[in-house]
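Here is the structure we will look at.
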Amino acid sequence: MAALSFRNVIKRYGHGAKANQVIHGVSAEIADREFIVIVGPSGCGKSTLLRMVAGLEEVSAGEIAIGKRVVNQLEPAERDIAMVFQNYALYPHMSVFQNMAYGLKIAKVPVDEIKTRVDKAAKILELGHLLERKPRELSGGQRQRVAMGRAIVRQPQVFLFDEPLSNLDAKLRAQTRLEIQKLHRELGITSLFVTHDQVEAMTLAQRIIVMNAGVMDQFGTPEEVYARP
Ligand code: ADP
Ligand code: ADP
């Protein structure tokens, strides 16, 4: 069974005469633990696809399923997903620990369990020695890792990344890419990663979805997608 399925997904923004269809019937089956990168020119619908999985945009027609559950009608909080954005807003007045624990606290996860999960995430992300710091006392790379930590403590079934590296300088981007690879190796969470950077796509993807004007143009391994004729 696929971990994540798109079944003839259509998205229109606006209503009636002003409606603008931007996703034209996308279908794809993504396997459990698979790391998928979505590429394509600006405006082709990458972000819209991700936002529909997250429940931040409604699906106009078709279905999105996580495991066996069709999630179209579920609230974002009811979907078993976590999303990492390019503008990772940490709560400035909270420590690293509190930032990572916050979503779990809201979800009423027991305190002991919160501590176990945050400690585990901190270990993987090498944040263990920074748990009492405030965001302003961290480097850009450390903040980015806290943002990822906040997502992984939820133990989501699906991980969504919306160009999380695009605001970082080249060195930090390369370093964070390695961290994401390590995370995926250790946790094996099914992932959708949007980027317009071919290097990121080549190094991170098990398979790549190439979007163009709201249509899935290609879906294959990096070798298949980037092979020169
Ligand atoms: P990408 O992430 O590939 O740059 P988007 O998913 O952001 O593409 O956008 C796809 C299309 O949908 C674009 O034509 C964009 O202008 C349009 N669009 C995106 N968000 C909205 C919105 N909230 N309302 C209306 N149109 C939107
Ligand atoms: P998460 O990363 O856990 O998804 P969100 O950024 O979605 O967290 O915010 C979760 C909730 O926390 C939202 O209802 C939001 O309004 C609230 N929130 C936002 N900023 C702060 C803040 N500085 N302190 C406390 N709560 C905040």
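One table, with the values for the structure above:
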read-out: Which of 82, 21, 61, positive extreme of dipole for the chain (C-beta unit charges); value: 82
read-out: 23 Å tail of the calculated P(r), the range 43-190, as % of Cα pairs; value: 38
read-out: Under 13 Å from the Cα of residue 105 - aspartates and glutamates, other chains or at least 8 residues apart; value: 113
read-out: Cβ charges +1 (Lys, Arg) and -1 (Asp, Glu), total dipole of the range 27-77, debye; value: 80
read-out: Rounded Å value of the spacing that divides the Cα centres of the range 115-132 and the range 145-196; value: 16
read-out: Integer Hz, Karplus 6.51/-1.76/1.60 couplings in order for the range 58-71, x for Gly and Pro; value: 6, 8, 7, 7, x, 9, 10, 10, 10, x, 8, 8, 6, 9
read-out: At least 15 Å along the helix axis (C-alpha) and Kyte average at least 1.0, DSSP helices within the chain; value: none
read-out: Trypsin sites (Lys or Arg not before Pro), loop per DSSP, at most 12 other Cβ atoms within 10 Å - longest free stretch of the chain; value: 109-229
read-out: Charged-residue dipole, Cβ positions (Lys, Arg, Asp, Glu), the range 1-149 about Cα centre, Debye nearest 20; value: 280
read-out: Under the Karplus curve 6.51 cos²θ - 1.76 cosθ + 1.60, θ = phi - 60°, whole-Hz ³J(HN,Hα) for the range 33-45, x wherever Gly or Pro sits; value: 6, 6, 9, 10, 10, 10, 10, x, x, 4, x, 7, x
read-out: Given charges at beta-carbon only (K, R positive; D, E negative), |dipole| of the range 128-209 in Debye; value: 240
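Values quoted throughout were computed directly from the atomic coordinates according to the rules given, and no laboratory measurement underlies them. Bear in mind that the values here come from a model prediction, so they are computed numbers and not experimental data. Quick reminder, even Gly has a Cβ in these numbers, built from the backbone with ideal geometry, and neighbours come from all protein chains shown.
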